[in-house]
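Have a look at the structure below, then the notes.
The values are calculated or read from the model by the stated rules, or taken from the named source; none is laboratory data. Since this is a predicted model, take the numbers as computed values, not measurements. Here Cβ is always computed from backbone atoms with ideal geometry, including for glycine, and neighbour counts include all displayed protein chains.
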Amino acid sequence: MKVAIIGYGKMGRIIEGILEDRGHQVVARFGSDGIKVDDLKKAEVAIEFSVPEAAFNNLKICFENKVPVVTGTTGWLDRFEEAKTLCEEHQSAFLFASNFSLGVNLFFAVNQYLAKLISKYDYQVEMEEIHHIHKKDAPSGTAISLAEQIIDQHPKYSDWTLVPEKKNSAIPIEAKRIDEVPGTHIIRYENEIDSIEISHEAKNRQGFALGAVLAAEYLKGKKGVFDMSDVLNLKA
């Protein structure tokens, strides 16, 4: 598989190593200078891990040139529906995940199931996420995805809010930025009687990078909009 890497920072370099280990060829690498279309066209799929300010335009260029693109950049999702429409208009392919870790995507499934079970009972929910000091958006895209899953299942909640803000119908999320922590997400349900907690802790960035490569392998040759539940066959 011929791959273009868009966003050649720490994650891009880890992704490159995994691609090469799995027998794939990196045909283009794009950093802060932007995308060169002639080089992009050499790729069968692109993997995009850039910055929020550049992500949408990067996707747009991929769609226009019919290069399927996998992206893990967060902080731009107010334009997600616009990106889906552009992808469909250009008959391209697009796979977004707020987190590509296989463990996190299993954690998503557990979170959704627990939220459905507990929605009938009187528990207060709160969330905490911890990431490295270089992460620009807060809360993390993963935390937002987890909160939205709970909101879909729980009639008490209609929004999320970043601590210390408070809203009666919003899930409070505390976002911490500490050293080089790859990523930790904690969800707590509590009442006067007891508490229930589920958590996921990433030990390094390898899991995110491997998931992105698996997503690219899945996306090659396809058209449409997908997510990691398609890659891991979790929708069934």
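For segment 171-188, the criterion of being among the β-branched types (Val, Ile, Thr) and either surrounded by fewer than 14 Cβ atoms within 10 Å (Cβ to Cβ) or out of contact with any strand residue (DSSP E or B) (no Cβ under 6 Å at 6 or more places or on another chain) (or both) is met by at least one residue.
Conditions tested, residue by residue: (1) charged (D, E, K, R); (2) within 17 Å of Lys220 (Cβ to Cβ); (3) touching a helix residue (DSSP H, G or I) at 6+ places or on another chain (Cβ under 7 Å).
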position	(1), (2), (3)
Asn65	no, yes, yes
Thr74	no, no, yes
Glu81	yes, no, no
Glu88	yes, no, no
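Of the residues in segment 183-197, at least one is within 30 Å of Gly23 (Cα to Cα) and within 18 Å of the chain's Cα centre (by Cα). Filtering segment 189-210 to residues that are buried (at least 16 other Cβ atoms within 10 Å of the Cβ) and either touching a strand residue (DSSP E or B) at 6+ places or on another chain (Cβ under 6 Å) or of a type outside the set (A, V, I, L, M) (or both) leaves Tyr189, His200, Arg205, Gly207, Phe208.
Which count do you get for residues in segment 183-200 that are charged (D, E, K, R) and either closer than 20 Å to Ser145 by Cα or assigned to a strand (DSSP E or B) (or both)?
Final tally of qualifying residues: 3.
Looking across segment 33-63 at every residue that is crowded, with 22+ Cβ neighbours inside 10 Å, of a type outside the set (A, V, I, L, M) and outside any helix (DSSP H, G or I), the one that is modelled with the highest pLDDT is identified as Glu48. Summed over segment 8-32, residues that are surrounded by fewer than 20 Cβ atoms within 10 Å (Cβ to Cβ), hydrophobic (A, V, I, L, M, F, W, C) and under 23 Å from His134 (Cα atoms) total 2. Take Phe94 and tell me if it is over 27 Å from Tyr157 (Cα atoms), in contact with a Pro (Cβ under 8 Å, 6 or more places away or on another chain) and not in a loop (DSSP other than H, G, I, E, B). Considered against the rule, which asks whether it is over 27 Å from Tyr157 (Cα atoms), in contact with a Pro (Cβ under 8 Å, 6 or more places away or on another chain) and not in a loop (DSSP other than H, G, I, E, B), Phe94 comes out as yes.
Just one residue in the set Val231, Val213 is touching a Gly at 6+ places or on another chain (Cβ under 9 Å), surrounded by 12 or more Cβ atoms within 10 Å (Cβ to Cβ), more than 18 Å from Gly141 (Cα to Cα) and of a type outside the set (Asp, Glu); that residue is Val231.
Tell me yes or no: at least one residue of segment 93-101 is surrounded by fewer than 19 Cβ atoms within 10 Å (Cβ to Cβ) and either of a type in the set (Val, Ile, Thr) or touching a strand residue (DSSP E or B) at 6+ places or on another chain (Cβ under 9 Å) (or both). Full working, then the answer.
Quick first cut of segment 93-101, residues surrounded by fewer than 19 Cβ atoms within 10 Å (Cβ to Cβ) only: none.
Scanning segment 93-101, I find no residue that is surrounded by fewer than 19 Cβ atoms within 10 Å (Cβ to Cβ) and either of a type in the set (Val, Ile, Thr) or touching a strand residue (DSSP E or B) at 6+ places or on another chain (Cβ under 9 Å) (or both), so the answer is no.
Take the residues in segment 138-180 that are free of Cβ contacts under 8 Å to residues at least 24 places away in the same chain and hydroxyl-bearing (Ser, Thr, Tyr), then tell me which one is farthest from Phe80 (Cα to Cα). Applying the filter and picking the extreme gives Ser169.
Would it be correct to say that Ile5 is assigned to a strand (DSSP E or B) and either of a type outside the set (S, T, N, Q) or surrounded by fewer than 15 Cβ atoms within 10 Å (Cβ to Cβ) (or both)? So Ile5 passes the test.
Listed residues Lys235, Lys203, Lys222; which is among the basic types (Lys, Arg), part of a loop (DSSP other than H, G, I, E, B) and modelled with pLDDT of 95 or more? I'd like the intermediate steps shown before the answer.
Numbers: Lys235 fails: modelled with pLDDT of 95 or more; Lys203 fails: modelled with pLDDT of 95 or more.
Just one listed residue meets the conditions, Lys222.
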